[in-house]
Amino acid sequence: MIELTGTNSSAIAEEFVRARRKAGSPAMGMVMTLIFVVSEEDAEDAMQAARSASREHPARVLGVIFGDARGAGQVDAQVGIGSGWTGETAMIRLTGEVSKHPESVVLPLLLPDSPVVVWWPTKAPENPATDPLGQLANRRITDASAAPRSKAKAMLTQCETYAPGNTDLAWTRITGWRALLAASLDKFESKVTSASVAAERISPSADLLSAWLADRLKVKVTRTSSKGPGITDVVLDTKEGPISLVRYDGKLAMLSSPGQPDRPVALKRRDIAELLAEELRRLDPDDIYAQTVKKLSKLSQATTSSSTKKS
Amino acid sequence: MNVNPLRDPQDRRLPQIAGPCGLVIFGVTGDRARKKLMPAVYDLANRGLLPPGFSLVGFARRDWADQDFARIVHDSVKEHARTEFREEVWQQLSEGFRFVSGDFSDDLAFENLRQTIEDLDKVRGTDGNHAFYLSIPPRFFSDVIGQLKEHGLATPSEESWRRVVVEKPFGSNLETARELNRIISGVFPSESVFLIDHYLGKETVQNILALRFANAMFEPIWNANYVDHVQITMAEDIGIGGRAGYYDGIGAARDVIQNHLLQLMALIAMEEPTSFDAKSLRIEKQKVLGSVVLPQRLDLYTAHAQYAEGWSGGIKVPGYKQEPDIPDTSRTETFAAIKLNIETRRWANVPFYLRAGKRLGRRVTEVAVVFKRAPHLPFTDTSTEELTQNALVIRIQPDEGITIRFGSKVPGTAMEIRDVSMDFAYGGSFTETSPEAYERLILDVLLGEPPLFPQQKEVELSWKILDPIIEYWAKHGKPDTYESGTWGPTSADKMIARDGRVWRRP
């Protein structure tokens, strides 16, 4: 790891090349640039997750950390290429005036002609697509459940500013649930009449899952609170009886279906690196996510307008 | 059948999870089942790709209870699985383990198997969907398949399926291949038969297709105008190990050329299919295999040999005839090299050299497309002395990837050009921690996805190519020998030298 203080983009870029030559080969096998924007205290964890996710998708990983915005601008960087790992990393700290122009630092460091992903592990801009860094990217990844404040509203904010290329890790978290629920209906003839989702009181994933079910099944989906962890129960009511998928320990789920024995199935809560790796697998806009956030916005508008009517 | 409202082709994030089903493995005590199959089942479960209630039935001639079987699977999973071992995944998976003890000719055992499967349908909800994996020597195929039929295990009830998985070798010549087909197709319809070649995984096949047909820059030069010849190599550094019983009398040509190398050749040489479904692909591959012609002189353009004792990678190893259980008189070849021509306009006069062997320099499988030299080089002869032919090498394993060899000026010298290689390893780059061939395969079987593996017609065409060569070898002389740890016999070098070419050192 090389420390560069009071540096600039071209010095960082030179350091990348120098480090690679030192490691023995200037060849690059990287397929994308992954930028994450994070505060100092979360930087190390985010870098770990990004590095581990980019084992699957070798990337140049750029961590951008904003410091105090007052005073003269300064760019500091730690540059490294991992051993036993194909990517390269730079942790870039911006203080002073330059912290208002992070894109000017990042732009020269993007790998030529390959996808760019921006990930906000905790605090995300309200509108990622118009964010200066977000604009550089084809894929913008937020995480509503990790928002430092007003968690309950974070998901809705992301829904309202949705633009193609945006996705949220709350959505990634429910892939396993969605896969099992879809599979449970594969051989099932009768129609779902209503559904319910129980989860921790604040759970962006559960909100998305409810919206997805409501959108796909065209039924009312009740959202209730439980002790968690995360999502605990999903029930699809049909004429023949309920199909339910429950998970109380965050590891093992039980699928029950009318006329079938209860079947256990592994459904682990995945760590950030795994979620990120799933996100990086496909970099085109996720249309189903787009439909789901649209539905979630609509549903929440309906509830707010009905509650205002009551009062 | 209703359309599932939760599914949408746009939703590419959702993995396909097979419907309720189970897998029955015959020959569960064998090496392949323990090292590959069972770990792959666990890895699939761990990645959440197996259906809830998935069941695994082992069938073998051991006096085991279900728990003993579970312990064997546990050990093999711990040792060989590529994903992390998680207790809760293991728990739910192991609840679906059953063991049936018996001989392949034992009626009672198969009755037992039927009972076990019916129980599983009730207890685990497998719904009558079962795949039978024959991880057993081919001589038992007819017994097992006959028994499956007799005990009503091969015929699914309505709305369920029964499938059978057969591993190579698919016969040992045209006749036995047809016989095998007769046995299987008499019981299972062709869409329920999965002839698998674990070696040529779907990932590999799809990678080759992507390279050839998703790119604009390779296809224009992929023909006799630019290609000088093609070399396909499958080298192993190991000997026959403990597989004397299987290997002796089979040999390199039957063991790998018939299936792997000819399949690879077909994928490299075929025209662009109209779509990438299994059927269109098969049609194109069949056209290639059908237009292969053998050299007139099999004595000059084939080579076969046995490894002699020697040093392989710093270890002293015995020769083929010194291996345990190999008779002194054995004429089985452990190395085979052949030259083939494909009579199509695309490949007119472009020979394909295929070689395969054991105890060679190192373990490698690759396809090298060697291009013609550029005509009329505007350089002096001395400046291009070190420049050979451009080549595009598709490495299949290990470290899957692509190497391109081309000429570049040597820095600093006046004007000297030498070969340089540019390497792309998608092993490290693009695979999602490389879904092992077996996982893809088992998943395809459970999903009923038409496999990209060869079907009967291709198998027969391959034998038609190989049979005359093997017959010729049987009639004429003994195999040559080569020192272990080298790149094969001198006869193979002479064979390619006759055309003024040399083997690549892979």
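The numbers here are math on the coordinates, done by the rules we state, and not lab data. All figures in this text were calculated on a predicted structure; none of them were measured in a lab. Here the Cβ is made from the backbone with ideal geometry for all residues, glycine too, and neighbour counts use every protein chain on show.
Label-to-label distance, A:K294 versus A:M254, with points set 7 angstrom from Cα along the beta-carbon direction: 3.9 nm. Averaging Cα coordinates gives a centre for the range A:186-212 and one for the range B:292-368; these two points are 59 Å apart. Shown is the FRET efficiency for B:Q296 and B:T388, computed with R0 = 30 Å from the Cβ-Cβ distance and rounded to the nearest 0.05: 0.55.
Which parts of the range B:21-49 would a label at B:E88 reach, counting a residue when its backbone N lies under 20 Å from a point 7 Å out along Cα-to-Cβ? Once the point is set 7 Å along Cα→Cβ of B:E88, B:42-49 turn out to lie under 20 Å by backbone N, inside the range B:21-49. Run the Debye formula on the Cα coordinates of the range A:1-144, all scatterers equal and no solvent, and tell me log10 I(q)/I(0) at q = 0.08, 0.11, 0.16, 0.18 1/Å. Taking Cα atoms of the range A:1-144 as identical point scatterers yields -0.19, -0.36, -0.80, -1.03.
Think of the protein assembly as shown as having a plus end and a minus end, set by charges on the Cβ of Lys, Arg, Asp and Glu; of B:G245, A:A163, B:G58, A:A163 sits farthest toward the positive end of this dipole.
What is the ratio of the Cα radius of gyration of the range B:44-145 to 2.2 N^0.38 Å, where N is its residue count, to two decimals? My calculation over the Cα atoms of the range B:44-145 gives 1.12. With kT/(6 pi eta Rh) evaluated at 37 °C and eta = 0.692 mPa s, and Rh the Kirkwood radius from Cα pairs, the range A:236-311 diffuses with a coefficient of 201 µm²/s according to Stokes-Einstein. Rounded to the nearest whole angstrom, the semi-axes of the ellipsoid equivalent to the range B:302-421, taken from the Cα gyration tensor as √(5λ), stand at 37, 21, 13, largest first. The Cα trace of the protein assembly as shown gives Rg and Dmax of 29.9, 100 Å, the first to one decimal, the second as a whole number. The Rg/Rh ratio of the range B:25-94, with Rg taken over Cα atoms and Rh as the Kirkwood radius over Cα pairs, comes to 0.93.
Report, for the protein assembly as shown, the % of DSSP beta bridges that are antiparallel, rounded to 5. Once the DSSP bridges in the protein assembly as shown are tallied, antiparallel ones form about 55 percent. The ratio of the alpha-carbon radius of gyration of the range B:123-188 to the globular-protein estimate 2.2 N^0.38 Å is 1.20. Using just the helices of the protein assembly as shown, give the 222 nm mean residue ellipticity in deg cm²/dmol: DSSP H runs with n ≥ 4 each add -39,500 (n - 2.57), and the total is spread over all residues, rounded to 500. My calculation for the protein assembly as shown gives -9500 deg cm²/dmol from helical runs alone. Sequence-ordered 3J(HN,Hα) estimates for the range B:337-346 from the Karplus curve with 6.51, -1.76 and 1.60 and θ = phi - 60° stand at 9, 9, 10, 10, 10, 10, 8, 10, 5, 4 Hz, glycine and proline given as x.
Residues whose amide H falls under 5 Å from that of A:L4, counting only those 5 or more places apart or on a different chain, are A:A77, A:Q78, A:V79, with hydrogens built in the peptide plane. When DSSP beta bridges are limited to those with both residues in chain B, what percentage is antiparallel, rounded to the nearest 5? In chain B, DSSP labels about 55 percent of beta bridges as antiparallel.
Once the Cβ-Cβ distance of B:Q10 and A:D271 is raised to the sixth power relative to R0 = 22 Å, the FRET efficiency obtained is 0.20. Taking the number of Cβ atoms within 10 Å of each Cβ as an exposure proxy, the fewest-first ranking of B:W311, B:W222 is B:W311, B:W222.
Provide, for q = 0.08, 0.10, 0.12 Å⁻¹, the log10 of I(q)/I(0) from a solvent-free Debye sum over equal Cα point scatterers in chain B. Cα-only, vacuum Debye calculation for chain B: -0.56, -0.86, -1.19. Placing +1 on each Lys and Arg Cβ and -1 on each Asp and Glu Cβ, with no other charges, gives chain B a dipole about its Cα centre of roughly 1300 debye. Test of the criteria: in the range B:436-505, which trypsin sites (Lys or Arg not before Pro) are in a DSSP loop and have at most 14 other Cβ atoms within 10 angstrom of their Cβ? Sparse-neighbourhood loop trypsin sites (Lys or Arg not before Pro): B:R498.
Quotient of the Cα radius of gyration of chain A and 2.2 N^0.38 Å, N being its number of residues: 1.12. Neighbour counting of Cβ atoms within 10 Å sorts the residues A:H101, B:H80, fewest neighbours leading, into A:H101, B:H80.
Karplus-based coupling profile of the range B:54-60, in residue order and whole Hz: 4, 10, 10, 10, x, 10, 6, with θ = phi - 60° in 6.51 cos²θ - 1.76 cosθ + 1.60 and x standing for Gly or Pro. Here the scattering of the range B:232-348 is modelled by Debye summation over its C-alpha atoms, one equal scatterer each and no solvent; at q = 0.21 Å⁻¹ the log10 of I(q)/I(0) is -1.14.
For the range A:182-311, taking the reciprocal of the average inverse distance between every pair of different Cα atoms yields a Kirkwood hydrodynamic radius of 16.2 Å.
List the pairs from A:K100/A:K294; B:K358/B:K478; A:K220/B:K122; A:K153/A:K268; A:K22/B:K35; A:K268/B:K168 whose alpha-carbon separation is above 28 Å, in the order I gave them. Over 28 Å Cα-Cα: A:K100/A:K294; A:K220/B:K122; A:K22/B:K35; A:K268/B:K168.
Entry note, the range B:340-429: relative contact order of 22 percent, from Cα contacts under 8 Å with a spacing of 6+ residues.
Here the translational diffusion coefficient of the range B:282-360 follows from Stokes-Einstein with Rh set to the Kirkwood radius across Cα pairs; for 20 °C and 1.002 mPa s it amounts to 142 µm²/s.
The charge dipole of the range A:1-144, taken about its Cα centre with unit charges on the Cβ atoms of Lys, Arg (+1), Asp and Glu (-1) only, comes to about 480 debye.
Note on A:253-263: average number of Cβ atoms from other chains within 10 Å of each residue's Cβ is 5.
Backbone geometry of the range B:489-506 corresponds, through the Karplus equation with coefficients 6.51, -1.76 and 1.60 at θ = phi - 60°, to 3J(HN,Hα) couplings of x, 5, 4, 5, 5, 5, 4, 7, 5, 4, 9, x, 10, 10, 6, 5, 8, x Hz, x marking Gly and Pro. For the range B:129-284, the Stokes-Einstein estimate of translational diffusion at 4 °C and a viscosity of 1.567 mPa s comes to 71 µm²/s, using the Kirkwood hydrodynamic radius over alpha-carbon pairs. The mean number of Cβ atoms from other chains found within 10 Å of a Cβ in peptide B:7-19 is 6, as a whole number.
Here r is the Cβ-Cβ distance between A:T222 and B:R182 and R0 is 51 Å; the resulting FRET efficiency, rounded to 0.05, is 0.30.
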